[in-house]
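Encoded as structure tokens, the structure appears first; notes follow it.
Only the coordinates and a few stated rules stand behind these numbers; no lab work does. Here the structure is a predicted model, which is why all the values come from computation and not from measurement. For neighbour counting, all protein chains shown are included, and Cβ atoms are generated from backbone atoms with ideal geometry for every residue, glycine included.
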């Protein structure tokens, strides 16, 4: 339970000459949920893009399952067990729900072999997707799309899921469902690195958290500690 | 069940017609059919690249490369026909992988320009190596199967059948998933484990192989070619137009597009002596406007064909 699955050391990155992330250090241990919270534009999404290989880091090191993956291509990182659920869902809208899931399963031969088994698991996690299996992904509601995005990523059989803003644009009741599913995913042994603006909800779900401001980590600790942190209370919990 | 049976009957009828066609027609129609099948191979090969979101002008280059490699090895090295085709394909694979490795990281329009440059470079090479290629004077080979059109027809039909098999495999295997995902969003596909560069490279190479085969067939069939003809950009553009008008990302679409356009083109060439290309062009514009999904998109309107 306590072995770190993801270790990030002094990671800096951004877009072109524009540096967004400054000397980031963070750890995610196997089977835990860790959240990264912060305001709009603080660098949350950029952090995820650096981790999943979509952006090349300027410096620093990313170690995943004990292996340095700093300059790997995104596809290789995904096959190695770290899968990114992108912001705004980004489904393959003209493909059916089932085909979206199959794209995830196509990640590696092992994932493809266990496709039906994993599919049963994600349909169980999000029963609504069973009904929608042959529908085009673009015709799903916002909540269903978010569920499909998470389900699709799970089809790759990851050991760490990077989830970007799952609550974005969703009704609170739907967000509850999504968060409940994330908890269930964790109980099945998949670690989750969650990026969220909904700080209260994230801290309730996660074991630990990091607070990012202007590309710097400004606070970290267990969720209980962060809940009591005066700065966090003032800036994010509005109490 | 009934819905599918009509589709299979149509496919079977088309296949039977394709096989018996040269036996029930004269030389002129055989010749026309041979060129049509050759363009069907080209259009389908262009579509292979399009499926991986590549707009390629390199097909002209691979067509010419196939034509010249096969002609030169046949003439100067005395290779038998099958061996000269094989050498052309092998060289094409090497060139396609090398070119792909250099250019497939480019996206959209940049790749298109690089592929255009590739075709133009090969044209210049063919012109500048008169000792090997005959330069601007061109190259001549003995006629294929002693000019027996029925055999020529059989050969190009066989090449098309092979392309159709490859196309159906691409449509039904994991390639289909990866291609559709990449066309929607390459970056999302990549974080789900789709190695976009590898998929592009394989579709590009497959695509190059069939353009090369069409070119190799072409030079032996017409018995002579010059660089400006074998490396004519119109070949690549025509393949693109046929694939787009027939319906992209499908097997039936590009083949149907080639057949329909070739028939229309030939009919107008014969009936309208002057300026038939203007009308042909207008027809293409109308096609793109009214059939945005190509001829195969029409089946959505005529449900019984589905």
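A few notes on this one:
- Compared with the alpha-carbon gap, the fully stretched path from residue A:124 to residue A:73 is longer by 15.2 nm at 0.36 nm per residue.
- Cα centroid of the stretch A:5-38 to Cα centroid of the stretch B:260-282, whole Å: 62 Å
- Of all beta bridges that DSSP places with both ends in chain A, some 55 percent have antiparallel geometry.
- Pairs of C-alpha atoms in the stretch B:124-242 farther apart than 25 Å represent 43 percent of all such pairs.
- Protection-proxy order for peptides B:217-223, B:24-30, each taking the mean of Cβ atoms within 10 Å per residue, highest first: B:217-223, B:24-30
- Within 10 Å of the Cβ of each residue in A:73-81, the mean number of Cβ atoms contributed by other protein chains is 5.
- Percent antiparallel among DSSP beta bridges (both partners in the protein assembly as shown, rounded to 5): 55 percent
- Chain A: translational diffusion in µm²/s, Stokes-Einstein, Kirkwood Rh over Cα pairs, 10 °C, 1.306 mPa s: 88 µm²/s
- Helical content alone sets the calculated 222 nm signal of the protein assembly as shown at -19000 deg cm²/dmol, taking -39,500 (n - 2.57) per DSSP H segment of four or more residues and averaging over every residue.
- The stretch B:84-141 versus the stretch A:151-184: alpha-carbon centroid distance in Å: 49 Å
- Pair-distance distribution P(r) for the protein assembly as shown, from all Cα-Cα distances in 20 Å bins starting at 0: 20, 43, 27, 10, 1 percent.
- Which of B:268, A:82 has the fewest Cβ neighbours within 10 Å, and the rest in rising order: B:268, A:82
- Anisotropy class of the stretch A:114-239 from Cα gyration tensor, a/c 1.5 cut: prolate
- The listed peptides A:67-75, A:226-234, ordered by packing as a protection proxy, come out as A:67-75, A:226-234 (highest mean of other Cβ atoms within 10 Å first).
- Rounded to the nearest 10 degrees, the inclination of helix A:172-187 to the longest alpha-carbon principal axis of chain A is 90 degrees.
- Peptide-level mean, for A:107-115, of C-beta atoms on other protein chains within 10 Å: 1
- All Cα-Cα distances of the stretch B:1-133, cut into 5 Å bins from zero to the largest, leave 2, 9, 13, 16, 15, 14, 12, 10, 6, 2, 1, 0, 0 percent in each bin in turn.
- Förster-model FRET efficiency, 22 Å R0, residue A:133 and residue A:171, C-beta, rounded to 0.05: 0.40
- Spin-label pair residue B:148/residue B:75, simplified geometry with 7 Å Cα→Cβ offset, distance in nm: 2.5 nm
- The stretch B:2-233: radius of gyration over Cα atoms, expressed as a fraction of 2.2 N^0.38 Å: 1.07
- Rel. contact order, % - alpha carbon contacts under 8 angstrom, at least six apart, chain A: 26 percent
- Average partner coverage of A:82-94, which counts Cβ from other chains inside 10 Å: 3
- Label-to-label distance for residue B:29 and residue A:207 is 7.7 nm, based on points extended 7 Å past Cα in the beta-carbon direction.
- Packing, as the average of other Cβ atoms within 10 Å across residues, places the peptides A:30-42, B:146-158, B:33-45 in the order B:33-45, A:30-42, B:146-158, highest first.
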